[in-house]
Amino acid sequence: MSNLPIIHMTLYKHGVGYFRRRGSVEGQAVKLTFRREEMDDLLKSLTVIDRAGGQVRGVDYDTPQTQDERLAGCSIILDDTRSLRDLLQALRGRAVQLQVSDGGSVGGVLLGPDEDDEKPLEHSLLSILKSDSETVAVLPISRIEGVELRDDTAAADLRFFLQTALGQETHRSITIRLSPGSHDLEVSYIAPAPTWRVSYRLVMDTPAGNESTPPKPEALLQGWGIFDNRLEEDLNNISLSLTAGMPISFVYDLYTPRTPSRPVIEEEDRTAAAPIMFEGAVPEAEAVMDMMVGAGAPPAPAPARSLRKAMAKPAVSAATMAESVKSAATGEALGELFQYNVSAPVTVGRGQSAMVPIVSSKLEPEKDLIYNGSKMPTHPVATLRFKNSSGLTLERGPVTVLENGEYVGEAVLPFTASQAEAVISYAVELGVHIKEDVSNSTQLHSLSIKNGYLLQHKYNIRRTEYRLDNRTPQPKTILVERSASHYKLFDTPEPVEKTLETHRYKVEAPSGKITEFTVQERYLREYREELSNQTYKGLQKYLEGKFLDKHTYESLKALLDAWAEISRLKQAISRQEKRRTKVYKAQEQIQKNMAALSKEGEEGRLRGRYVTQLGQSEEELAEIDGIVADTQAKIVQKQAQIETMISVLG
């Protein structure tokens with residue numbers, strides 16, 4: 001692709017790159033070669049422009065077949081180690097002109113070789129039917145110095161085989177067809193590419209201060225874009241852009257031909273009496289420097305200085321870092337994306353990777369100790385927070401934190417838009433121990449009565465106790481972080497700050513002491529209970545807790561009395577029903593006894609007594625019916641009273 005070198009490359013975070021090639025081309029075609037896996041993206045995005053005014057007439061490309069599949073219909077296929085013998089074998093029956101070693105030639109139809117197994121090149125023979133007679137000439141293969149194909153099909157098959165054999169299984173070619181003349185051709189496309197990465201250095205200088213005026217750190221955030229040249233060519237003096245964000249991208253198989261399957265209909269044997277004619281339908285109207293950097297060429301040795309002087313000053317400071325490495329990129333917002341455009345031409349060799357300084361911005365960070373038991377139990381985490389005042393969108397990446405020339409930890413900077421706040425945690429404060437205990441309880445808030453139900457409004461209470469043990473010689477300020485929820489705070493200071501998912505509470509922890517801090521939260525829930533399920537003891541408790549006034553208490557107590565009376569009446573009915581059952585059983589026994597007695601003599605007299613007993617039992621049953629009916633009437637009356645009482649209560 002040397003006639004169309006890459007002039008610009010844009011790398012994204014989702015595994016694709018956007019490439020632009022440009023160069024001068026003579027003639028009516030230019031050929032480009034790509035990896036097989038790049039073809040779908042290429043066919044989806046290829047754009048060709050002739051900036052010299054010529055015309056782009058089309059694009060041809062290799063079909064997605066293996067070499068064996070492409071050669072399946074070819075009559076000439078040559079082995080890597082016996083090309084001549086395979087060619088002579090494939091030309092059997094074809095017209096050829098053989099050039100022999102004595103300077104002569106023999107023309108005719110080739111019959112084919114007869115090979116000698118032991119010495120095929122020296123002793124094998126070749127037979128040919130001469131074109132000027134019916135004579136078959138036999139020649140040693142060793143005398144053959146040339147073969148002229150006089151069969152157009154054979155010649156075409158041989159050329160196709162050689163072109164196919166020239167191609168690589170892992171690569172495919174496209175040919176851009178052009179109008180005659182000179183062209184200034186620009187080709188752009190997307191293709192799979194390793195994602196670019198970013199790593200940061202946060203260099204912090206903390207000046208001296210005192211207890212009344214804590215020192216305010218100053219910092220420099222430096223970001224290096226890292227990318228790879230996985231192309232099969234060097235990148236020389238190209239322009240480079242690194243894009244942050246998440247554009248939508250996908251693979252769409254445009255390269256593989258698809259032939260939908262169709263139903264197969266069997267031919268029928270049938271004869272029409274005459275041709276059937278139909279009338280035709282009426283037709284409708286129609287980066288940077290030379291990139292030999294690898295993070296920059298090593299600086300020249302500093303002048304000799306004493307060990308004491310070298311140790312007195314931090315090896316790395318924000319000022320020296322800012323002076324030594326300048327950002328080589330400018331930022332540009334692209335809607336939902338953000339692009340770093342490297343200002344200097346970039347040169348990266350094939351198979352090489354490089355780093356480009358793309359961010360260099362002064363910050364005013366704040367130090368915090370944040371405790372979140374779900375993320376780091378027992379200890380708070382040292383964090384730095386800062387406003388992204390760089391004017392750039394910061395892509396997610398690792399951060400190495402240096403303070404006063406020393407390494408103090410590492411963090412991951414999240415994707416941070418311009419002017420947004422970022423918080424990074426870089427170390428654990430082992431000198432502060434925190435113990436967290438959670439307890440849950442319920443508390444009655446209020447009562448109400450509705451439609452025969454007692455509605456209890458109860459608080460579900462969650463109480464979290466923190467014990468902060470500061471074992472360091474300095475007082476510490478801890479931000480206790482908790483997940484936001486539907487619970488509401490009570491008897492607790494308001495959080496000093498909130499995020500979308502958390503609340504943070506400020507706790508001062510003096511040196512050498514244990515500090516206790518409690519967060520109380522609650523939310524109100526409603527429970528329904530039938531009034532009939534209440535108890536006198538429960539009502540008394542509600543009255544004493546002032547959840548019921550005296551009048552409502554007396555009304556509810558009267559309701560319980562009424563339900564108790566109904567219960568008593570139902571028990572009375574139950575006793576009468578048991579009595580009725582006992583009478584029925586006695587009658588049944590009497591009737592059985594009477595069936596075995598005659599009506600005369602002593603049995604007759606006994607039978608008479610049984611008849612008297614049956615009469616008495618019927619009177620008793622009538623009495624039972626009367627008692628039950630009267631009791632049921634009382635129950636109905638009580639239920640009516642209860643409904644009236646409930647309606648009055650609400």
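Data table
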quantity	calculated
Qualifying residue in the range 537-546 (condition: under 29 Å from residue 633 (Cβ atoms) and out of contact with any helix residue (DSSP H, G or I) (no Cβ under 7 Å at 6 or more places or on another chain))	no
Any hit, the range 464-486, residues being among the aromatic types (Phe, Trp, Tyr) and closer than 30 Å to residue 541 by Cβ	no
Residue within the range 145-163 that is within 60 Å of the chain's Cα centre (by Cα) and acidic (Asp, Glu) present	yes
Positions within the range 99-146 being within 15 Å of residue 85 (Cβ to Cβ), at pLDDT 85 or above and polar (S, T, N, Q), in sequence order	127
Members of the range 201-218 found to be at pLDDT 90 or above and either among the aliphatic types (A, V, I, L, M) or outside the structural domain of residue 361 (by TED's automatic domain parsing) (or both), listed by number	202, 203
Restricting the range 427-441 to residues that are in a strand (DSSP E or B) and of a type in the set (D, E, K, R), the residue that is surrounded by the most Cβ atoms within 10 Å (Cβ to Cβ)	436
Criterion (touching a Leu at 6+ places or on another chain (Cβ under 7 Å) and either basic (Lys, Arg) or more than 30 Å from residue 453 (Cβ to Cβ) (or both)) met by exactly one of 606, 556, 621	606
So residue 117, is it within 23 Å of residue 76 (Cα to Cα) and under 60 Å from the mean Cα position of the chain (by Cα)	no
Residue under evaluation residue 563, criteria (1) touching a Ser or Thr at 6+ places or on another chain (Cβ under 6 Å); (2) loosely packed, with under 12 Cβ neighbours inside 10 Å; (3) hydrophobic (A, V, I, L, M, F, W, C), criterion not met	(2)
Residue within the range 12-24 that is of a type in the set (A, V, I, L, M), surrounded by 16 or more Cβ atoms within 10 Å (Cβ to Cβ), within 35 Å of the chain's Cα centre (by Cα) and over 22 Å from residue 57 (Cα atoms) present	yes
Residues (within 30 Å of the chain's Cα centre (by Cα) and either in a loop (DSSP other than H, G, I, E, B) or not acidic (Asp, Glu) (or both)) located in the range 474-514	482, 483, 484, 485, 486, 498, 499, 500, 501, 502, 503, 504
Selection status of residue 149, under 14 Å from residue 92 (Cα atoms) and at pLDDT 85 or above	yes
Condition broken by residue 597, with the remaining ones in (1) hydrophobic (A, V, I, L, M, F, W, C); (2) in a helix (DSSP H, G or I); (3) more than 22 Å from residue 581 (Cα to Cα) satisfied	(2)
Identity of the residue in the range 408-426, in a strand (DSSP E or B) and of a type in the set (A, V, I, L, M, F, W, C), that ends up surrounded by the fewest Cβ atoms within 10 Å (Cβ to Cβ)	412
Only listed residue being within 28 Å of residue 556 (Cα to Cα), touching a helix residue (DSSP H, G or I) at 6+ places or on another chain (Cβ under 6 Å) and of a type outside the set (Gly, Ala, Ser), chosen from 624, 642, 590, 646	642
Selected residue [closer than 24 Å to residue 588 by Cβ and either surrounded by fewer than 13 Cβ atoms within 10 Å (Cβ to Cβ) or modelled with pLDDT under 90 (or both)] from 626, 650	626
Positions within the range 525-560 being exposed (fewer than 12 other Cβ atoms within 10 Å of the Cβ), in contact with a strand residue (DSSP E or B) (Cβ under 9 Å, 6 or more places away or on another chain) and not in a loop (DSSP other than H, G, I, E, B), in sequence order	526, 528, 530, 533
Among (1) crowded, with 17+ Cβ neighbours inside 10 Å; (2) over 27 Å from residue 4 (Cα atoms); (3) not aliphatic (A, V, I, L, M) - the single one residue 41 does not satisfy	(2)
Residue tally, condition under 26 Å from residue 514 (Cα atoms), outside any loop (DSSP other than H, G, I, E, B) and either outside the structural domain of residue 527 (by TED's automatic domain parsing) or of a type outside the set (A, V, I, L, M) (or both), over the range 442-473	8
Checklist (1) of a type outside the set (Lys, Arg); (2) at pLDDT 90 or above; (3) touching a Pro at 6+ places or on another chain (Cβ under 8 Å) applied to residue 182, failing item	(3)
Residues located in the range 451-498, provided they are of a type in the set (Phe, Trp, Tyr), surrounded by 13 or more Cβ atoms within 10 Å (Cβ to Cβ) and farther than 30 Å from residue 533 by Cα	466, 487
Search result, residues across the range 140-151 that are more than 11 Å from residue 105 (Cβ to Cβ) and either hydrophobic (A, V, I, L, M, F, W, C) or not in a loop (DSSP other than H, G, I, E, B) (or both)	140, 141, 142, 143, 149
Qualifying residue in the range 61-72 (condition: at pLDDT 80 or above and either in the same structural domain as residue 15 (by TED's automatic domain parsing) or within 30 Å of residue 183 (Cα to Cα) (or both))	yes
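Conditions (1) on the phi < 0 side of the Ramachandran plot; (2) assigned to a loop (DSSP other than H, G, I, E, B); (3) modelled with pLDDT of 85 or more, marked per residue:
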residue: 286; (1), (2), (3): yes, yes, no
residue: 320; (1), (2), (3): yes, no, no
residue: 323; (1), (2), (3): yes, no, no
residue: 356; (1), (2), (3): yes, no, yes
residue: 361; (1), (2), (3): yes, no, yes
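The values are calculated or read from the model by the stated rules, or taken from the named source; none is laboratory data. What you are looking at is a predicted structure, and each value in this text was computed from that prediction instead of being measured. Cβ sites come from the backbone with ideal geometry, for glycine too, and all protein chains shown count toward neighbours.
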